[in-house]
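The values are calculated or read from the model by the stated rules, or taken from the named source; none is laboratory data. All figures in this text were calculated on a predicted structure; none of them were measured in a lab. Glycine gets a Cβ as well: all are built from the backbone with ideal geometry, and neighbour counts include every protein chain shown.
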Amino acid sequence: MFILLMGPPGAGKGTQADLLAEKCGVPHISTGDMFRAAVKAGTELGKEAKRYMDTGQLVPDAVTIGIIRESLSKKENQKGFILDGFPRTKEQAAALDGLLAELSVKLDAVIDIHVPGTELINRITGRRICKACGANYHALYNPPRADGICDKCGGVLYQRDDDRETTVKKRIEVYNEQTKPLIEYYSRHGQYTELDGTKGIKEVFAAILAILSSKKTHDNL
Ligand code: ADP
Ligand code: ADP
Ligand code: ZN
């Protein structure tokens with residue numbers, strides 16, 4: 001099962017990718033998570049990525065394509081994956097096509113999650129992440145059982161630096177300029193489906209499972 005989740009920042013890609021990964025036992029590949037891990041580890045990649053992330057800009061294509069190439073070269077990612085946050089530019093989409101062709105892989109589903117701008121801002125500014133395991137919460141829409149503490153591992157929750165309102169607006173602008181044009185590119189892809197992402201997390205998940213089962217992508221669905 002090879003799935004691409006598309007959509008603006010805050011649409012719910014990471015949340016849905018985690019649910020799918022858990023249900024289907026397929027890895028969740030997120031360029032945002034990879035960059036945050038590099039920042040935390042203090043690597044050169046992390047230092048470079050942070051400069052762009054902090055201001056809501058995209059990390060340059062050469063860097064981003066490089067980390068995806070490395071990730072897809074791993075055996076454990078070649079049996080299936082849920083890709084979230086990549087591609088974000090036409091160059092990245094072209095590079096992904098090339099990488100998939102090299103691996104003889106075809107995407108089973110390209111799911112584009114639609115959520116309007118005002119709701120994106122509510123979702124992003126309320127997002128909270130576990131410092132220890134990366135689990136994703138929302139202060140109002142998906143709160144943890146104990147305030148500020150991860151349900152899964154007991155870790156402390158924090159707000160991403162780039163999830164504050166001024167940077168969020170910039171990120172949505174960057175999405176509209178650089179990433180939205182990819183809808184045109186992928187709508188020609190036979191497996192492209194648009195999905196209303198405004199419902200609750202469980203309803204959106206059920207809608208994704210329905211799309212995937214109509215495509216018979218996985219035995220566990
Ligand atoms: P979101 O939750 O807004 O979808 P991500 O966690 O996917 O955000 O990404 C956070 C930041 O990491 C982006 O604002 C950007 O700076 C960088 N980033 C992530 N993926 C990419 C990508 N494919 N190309 C360029 N930059 C990226
Ligand atoms: P993305 O990866 O697309 O940037 P996330 O999955 O991180 O988006 O979701 C952004 C925020 O919105 C998170 O705090 C998440 O808990 C919350 N969220 C995700 N899906 C929904 C939904 N369907 N309804 C309400 N809140 C949601
Ligand atoms: Zn945790």
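For the reader, a short list of remarks on this structure follows.
- Taking the criterion of being surrounded by fewer than 15 Cβ atoms within 10 Å (Cβ to Cβ) and part of a loop (DSSP other than H, G, I, E, B), the residues of the range 62-90 that qualify are S73, K74, Q78, K79.
- So D151, is it of a type in the set (D, E) and under 19 Å from H28 (Cβ atoms): yes
- Whichever residue in the range 5-35 is in contact (Cβ under 8 Å) with a residue 60 or more places away in the chain, under 13 Å from R160 (Cβ atoms) and out of contact with any Ser or Thr (no Cβ under 7 Å at 6 or more places or on another chain) and, among such residues, is surrounded by the fewest Cβ atoms within 10 Å (Cβ to Cβ): D33
- Candidate set: the range 139-159, residues that are in contact (Cβ under 8 Å) with a residue 24 or more places away in the chain and of a type in the set (A, V, I, L, M); chosen: the one farthest from ligand 2 (Cβ to nearest atom): V156
- Within the range 1-37, the only residue that satisfies the criterion of being outside any helix (DSSP H, G or I), of a type in the set (V, I, T) and within 11 Å of ligand 1 (Cβ to nearest atom) is I29.
- The residue that is surrounded by the most Cβ atoms within 10 Å (Cβ to Cβ), counting only those in the range 124-142 that are among the charged types (D, E, K, R) and in contact with a His (Cβ under 8 Å, 6 or more places away or on another chain), is R127.
- For the condition aliphatic (A, V, I, L, M), modelled with pLDDT of 95 or more, part of a loop (DSSP other than H, G, I, E, B) and more than 9 Å from ligand 1 (Cβ to nearest atom), V59 does not qualify.
- Filter result for Y158 (within 28 Å of R128 (Cβ to Cβ), within 16 Å of ligand 3 (Cβ to nearest atom) and hydroxyl-bearing (S, T, Y)): yes
- Residue among A101, A93 that alone is in a helix (DSSP H, G or I), of a type in the set (G, A, S), under 30 Å from E203 (Cα atoms) and out of contact with any Lys or Arg (no Cβ under 7 Å at 6 or more places or on another chain): A93
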